[in-house]
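The values are calculated or read from the model by the stated rules, or taken from the named source; none is laboratory data. Since this is a predicted model, take the numbers as computed values, not measurements. A quick note on method: Cβ atoms are made from the backbone with ideal geometry, for glycine too, and the neighbour counts reach across all protein chains shown. Accessible surface is based on the protein model in full, side chains and every heavy atom, while ligands, DNA and RNA are left aside. Shrake-Rupley method; radii C 1.70, N 1.55, O 1.52, S 1.80 Å.
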Amino acid sequence: MLKRFISYYKPHKKLFFIDMFFAFLVSTFDLIFPMFTRKMVNQIIPDGRMDLLLKWSIIMILLFIVRYISSYIVAYWGHLLGVKIEHDMRRDLFGHLQTLPFSYYDNTKTGHIMSRMVNDLRDITELAHHGPEDLFISLVMLLGSFFILLTIEWRLTLILFAFIPLMVLFTIKKREKMEDSFRKVRQEIADVNSQLENSISGIRVAKSFTNEDYEIEKFDKGNEAFSNARKESYKIMAEFITGIGIVSNILNLLVISIGGYFVYTNVIDIGDLFAYTLYVNFFMQPIRRLTEFTQQLQDGMTGFERFIEVMNISPDIVDKPDAIELNNIKGDIVFDNVSFSYDNGEGAVLSNVNLTIEEGKTIALVGPSGAGKTTLCHLIPRFYDINSGNIFIDGLNIKDIKLKSLRQNIGLVQQDVFLFTGTIRENILYGKPSATEAEVIDAAKKARIHDFIENLPNGYDTYIGEKGVMLSGGQKQRISIARLFLKNPPLLILDEATSALDNETETMIQRSLEELSKGRTTLVIAHRLSTIKNADEIIVLTARGIEERGNHEELLRKNGIYANLYNSQFKSLIN
Ligand code: ADP
Ligand code: MG
């Protein structure tokens, strides 16, 4: 774990050592400064050595300059180090997220991924940057001031250092409490946020049920709990600050009174006492820093553990070493005794499915909701791997084909279209980034969306999504179809592409889809009689598997499930 953490420093070794070096300079200077004061009070002022005053002042000014250049470098480059490490980790995480399979996203909430990207990485960076730096500076300061204090007056020093364990204990105890309360605050704000998100997403439902008051009441509870948690955390923080203040004042008081006695008895000089008071306040700081460091270490390491947890999930669907490229395929698809379940074995969604879709033919898949139609479609581009059996394309087992190549040959139209934030052109180009303008327009025409786009004020450069134009379901669907005309895959899967649309739009889109499926092997999940009737073969899939197959007339004659479905569902839709 630590090794993996350190590996992120490797590309930025130089920056790291520069940061450490200048941090060392800063702390050394801070250690030297009280010595100057001591010399001043002990020697320069009593002896009236103005020449020495001038000389030492110049030296100190020079040292000051070095110190502030150094501290600038530490403040800037040190943070830069953190930024770079965070950048690398974020890049790795994002890259890795792109490789993770559907099953990962089925079981992970977007909110969790977001918090990993944002909170965990921030905790890690804090540690990556401040951890080594703080640890190093604090140790130098603590040890340095301890030795210097020893050389000035060792008895006083030992008395003072007896306080350290007390302070550390107090700080750690309070910090623990503080951390608990901070954790509670974070928990509560996370709850408030998710409640907010949920309520806003559902605002239309809330309004239609006139449940606004209920929503407000629910929100108030979380909001209240959050405020209370913060109140508690500020109370503990106030206790901590007061406690530390008291201890440091006691220390100062001890130094002044015991030290004053030592000066009176001529054990030390007045300049020693002066320097002493300065040094005493020096080692308070590192102790506070060190306790903060333990916290930082904990947060950072927890963050890093979670980061590694995601990084260690391996994409389970990967190319075989000898995987082959699909070229100029004809596109017949064969399901050979295919069984699949989402949880590896239990609760099979598909069992022993046998199915052949011949080149260029259109197969319609019908059946009740939950029968596994979408699942079956997702197995062909290997969004999920089957548990047993084989799927062949042109006689090649899909597991022997390069994943990229396989997916490039398949076009998928889904019920819910997702368009990326960006312009309409960018969204169409998603199907083939290298396409020319003429190709884009041609695809849009075939998808029957060109005229609509042309009439927008910014045409193809119209921004869609947030802060852009709002598109209707049908318009989005047609853009997604244009995307597929550009991609031009030999295999086509249409998963209830028109079921969320009104009748008129549906007819339009139906035409574009028919055009799209010309000359392509097409698997269509349909709820619309005209599509089903035109299919070369109809497959009836239920929870028990494939129950009937044949063309429309054959199945009607059979008077089975399809005939039943037809009578109850399709007949009312006059097509
Ligand atoms: P259809 O498209 O025919 O309505 P689906 O293929 O969507 O049916 O679903 C078939 C079965 O698989 C259902 O019981 C559904 O609950 C289950 N299922 C669908 N998607 C997932 C998933 N990502 N993880 C687990 N189970 C799923
Ligand atoms: Mg479905």
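Thr507 passes every criterion in (1) more than 16 Å from ligand 1 (Cβ to nearest atom); (2) modelled with pLDDT of 85 or more; (3) not charged (D, E, K, R) apart from (2).
Identify, from the list Lys518, Lys487, Lys446, the residue that is touching an Asp or Glu at 6+ places or on another chain (Cβ under 7 Å), within 30 Å of Thr356 (Cα to Cα) and of a type in the set (Lys, Arg). Even if it seems obvious, please write down each step before you answer.
Working: Lys518 fails: touching an Asp or Glu at 6+ places or on another chain (Cβ under 7 Å); Lys487 fails: touching an Asp or Glu at 6+ places or on another chain (Cβ under 7 Å).
Going through Lys518, Lys487, Lys446 in turn, the sole match is Lys446.
Inclusion of Leu166 among residues that are loosely packed, with under 15 Cβ neighbours inside 10 Å, assigned to a helix (DSSP H, G or I) and touching a helix residue (DSSP H, G or I) at 6+ places or on another chain (Cβ under 8 Å) is warranted. Evaluate region 525-548: report whether one residue or more is within 18 Å of Ala447 (Cβ to Cβ), touching a residue at least 60 places away in the same chain (Cβ under 8 Å) and either of a type outside the set (Phe, Trp, Tyr) or within 15 Å of ligand 2 (Cβ to nearest atom) (or both). Among the residues of region 525-548, at least one is within 18 Å of Ala447 (Cβ to Cβ), touching a residue at least 60 places away in the same chain (Cβ under 8 Å) and either of a type outside the set (Phe, Trp, Tyr) or within 15 Å of ligand 2 (Cβ to nearest atom) (or both), which makes the answer yes. Which of the residues spanning region 294-324 are polar (S, T, N, Q) and either within 28 Å of Asn387 (Cα to Cα) or open to solvent by 50 Å² or more (accessible area, probe 1.4 Å) (or both)? Matches in region 294-324: Thr294, Gln298, Thr302, Asn312, Ser314.
Name the single residue, out of those in region 495-515 being in a loop (DSSP other than H, G, I, E, B) and within 16 Å of ligand 2 (Cβ to nearest atom), that is farthest from Ser472 (Cα to Cα).
If we take residues in region 495-515 being in a loop (DSSP other than H, G, I, E, B) and within 16 Å of ligand 2 (Cβ to nearest atom), then Glu496 is farthest from Ser472 (Cα to Cα).
Within region 369-383, residues that are aliphatic (A, V, I, L, M) have Cβ atoms under 7 Å from residues that are near ligand 2 (Cβ under 9 Å from one of its atoms) in no pair, counting only partners at least 6 apart in sequence or on another chain.
Tell me which residues, restricted to region 173-203, are more than 21 Å from Gln296 (Cβ to Cβ) and either open to solvent by 70 Å² or more (accessible area, probe 1.4 Å) or not in a helix (DSSP H, G or I) (or both). Within region 173-203, Asp191, Asn193, Leu196, Glu197, Asn198, Ile200, Ser201, Gly202 meet the criteria.
Of the residues Thr242, Thr210, which single one is free of Cβ contacts under 8 Å to residues at least 12 places away in the same chain and open to solvent by less than 100 Å² (accessible area, probe 1.4 Å)?
The match here is Thr242.
For region 65-107, a tally of residues being in contact (Cβ under 8 Å) with a residue 12 or more places away in the chain, open to solvent by 50 Å² or more (accessible area, probe 1.4 Å) and more than 26 Å from Pro11 (Cβ to Cβ) returns 3.
Check off (1) within 16 Å of ligand 2 (Cβ to nearest atom); (2) at pLDDT 90 or above; (3) open to solvent by 10 Å² or more (accessible area, probe 1.4 Å); (4) in contact with an Asp or Glu (Cβ under 9 Å, 6 or more places away or on another chain) for Gln415 and give me the number that stays unchecked. Among (1) within 16 Å of ligand 2 (Cβ to nearest atom); (2) at pLDDT 90 or above; (3) open to solvent by 10 Å² or more (accessible area, probe 1.4 Å); (4) in contact with an Asp or Glu (Cβ under 9 Å, 6 or more places away or on another chain), Gln415 violates only (2).
Given the condition open to solvent by 60 Å² or more (accessible area, probe 1.4 Å), part of a helix (DSSP H, G or I) and among the acidic types (Asp, Glu), answer yes or no: does some residue in region 430-437 qualify?
yes
How about region 347-360: which of its residues are hydrophobic (A, V, I, L, M, F, W, C) and either open to solvent by less than 10 Å² (accessible area, probe 1.4 Å) or more than 14 Å from ligand 1 (Cβ to nearest atom) (or both)? Break it down into steps so the answer makes sense when it comes.
Within region 347-360, the first condition is being hydrophobic (A, V, I, L, M, F, W, C), and the residues that meet it are 348-350, 353, 355, 357.
Across region 347-360, the qualifying residues are Leu350, Val353, Leu355, Ile357.
Within region 108-150, the only residue that satisfies the criterion of being surrounded by 15 or more Cβ atoms within 10 Å (Cβ to Cβ) and either on the phi > 0 side of the Ramachandran plot or not in a helix (DSSP H, G or I) (or both) is Thr108. Residue check: Gly395 meets all listed conditions (1) at pLDDT below 95; (2) closer than 26 Å to Ser499 by Cβ; (3) more than 13 Å from ligand 1 (Cβ to nearest atom) but one, namely (2). Only one entry of Ile449, Ile464 meets the criterion of being within 34 Å of the chain's Cα centre (by Cα), crowded, with 19+ Cβ neighbours inside 10 Å, away from ligand 1 (no atom under 16 Å from the Cβ) and in contact (Cβ under 8 Å) with a residue 12 or more places away in the chain, and that entry is Ile464. For region 361-395, the set of residues classified as hydrophobic (A, V, I, L, M, F, W, C), open to solvent by 10 Å² or more (accessible area, probe 1.4 Å) and near ligand 2 (Cβ under 10 Å from one of its atoms) is empty. Of all the criteria given as (1) open to solvent by 40 Å² or more (accessible area, probe 1.4 Å); (2) modelled with pLDDT of 90 or more; (3) over 30 Å from Lys174 (Cα atoms), the one not satisfied by Asn327 is (2).
Among the residues of region 303-310, is there at least one that is under 30 Å from Leu541 (Cβ atoms) and basic (Lys, Arg)?
Within region 303-310 (the criterion being under 30 Å from Leu541 (Cβ atoms) and basic (Lys, Arg)), the answer is no, since none of the residues qualifies.
Would you call Ile333 surrounded by 17 or more Cβ atoms within 10 Å (Cβ to Cβ), at pLDDT 90 or above and within 21 Å of Glu496 (Cα to Cα)? Show your work before the answer.
Numbers: surrounded by 17 or more Cβ atoms within 10 Å (Cβ to Cβ): yes; at pLDDT 90 or above: yes; within 21 Å of Glu496 (Cα to Cα): yes.
The answer is yes for Ile333.
Results for (1) within 16 Å of ligand 1 (Cβ to nearest atom); (2) modelled with pLDDT under 90; (3) surrounded by fewer than 19 Cβ atoms within 10 Å (Cβ to Cβ), shown as yes or no for each residue.
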| site | (1), (2), (3) |
| --- | --- |
| Pro489 | no, no, no |
| Thr498 | yes, yes, no |
| Ser530 | no, yes, yes |
| Ile561 | yes, yes, yes |
| Asn567 | no, yes, yes |
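Is there a residue in region 91-99 that is assigned to a helix (DSSP H, G or I) and within 16 Å of ligand 2 (Cβ to nearest atom)? There is no residue in region 91-99 that is assigned to a helix (DSSP H, G or I) and within 16 Å of ligand 2 (Cβ to nearest atom).
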